[in-house]
Amino acid sequence: VSPLRILTVRQPWAWAIIHGGKDVENRVRNLAGNYRGPIAIHAGLSCDDRGWIDKGGYHLTRRMGGTFGGATASTTGVILGVVNLTGVHHADRDALECAEAGGHDTWCSKWADPGVWHLTLSNPRPLAETIPYKGALGLRTLPDDVAALVLERVTS
Ligand SMILES: [Zn+2]
């Protein structure tokens with residue numbers, strides 16, 4: 001069993017991954033390496049204001065309201081939940097489709113951006129109570145005590 005990993009994501013994208021159906025995380029580099037498996041999603045200390053107004057914002061509007069586990073889409077500095085990292089691939093900057101999606105004008109997700117790495121995500125499980133935690137760069141291993149707390153609070 002691999003240790004639980006943690007990924008810091010700015011709000012409202014962290015919330016969107018756990019509660020809004022966001023199934024791709026766009027990154028300029030492949031920070032996952034060969035790792036596949038569960039990752040805890042941590043809401044970073046800063047927010048991405050574009051998240052409320054761009055194409056993601058459009059998708060978010062209906063499902064971003066409310067609270068869960070003591071947090072909202074604006075809450076920062078907490079672990080919100082766990083999601084499975086199922087794959088990593090790159091999309092060319094000028095591509096009209098994502099090669100992984102296997103068709104013309106097709107993307108692996110409506111959340112995917114061109115010119116970056118796509119971390120594909122599935123099975124988001126919010127924590128019954130979010131856990132305050134400091135941020136981390138890249139995809140880090142969670143300390144055992146925090147990982148145990150996450151697994152204790154994760155919903156199925
Ligand atoms: Zn893709």
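Among the residues making up the range 114-124, none is modelled with pLDDT under 90 and near the ligand (Cβ under 9 Å from one of its atoms). Taking first residues from the range 140-156 that are within 18 Å of residue 36 (Cβ to Cβ) and partners that are among the acidic types (Asp, Glu) and surrounded by 12 or more Cβ atoms within 10 Å (Cβ to Cβ), no Cβ contact under 7 Å between residues at least 6 apart in sequence or on separate chains turns up.
Which residue, of 136, 147, is modelled with pLDDT of 90 or more, away from the ligand (no atom under 16 Å from the Cβ) and surrounded by 15 or more Cβ atoms within 10 Å (Cβ to Cβ)? Outline the logic, then answer.
On the way: 136 fails: modelled with pLDDT of 90 or more.
One residue alone meets the criteria, 147.
Scanning the range 14-46 for residues that are crowded, with 20+ Cβ neighbours inside 10 Å and within 14 Å of the ligand (Cβ to nearest atom) yields 22, 23, 24, 25, 32.
The values are calculated or read from the model by the stated rules, or taken from the named source; none is laboratory data. Please read these numbers as outputs of a predicted model, since none were measured by experiment. Backbone-built Cβ (ideal geometry, glycine too); neighbour counts: all protein chains shown.
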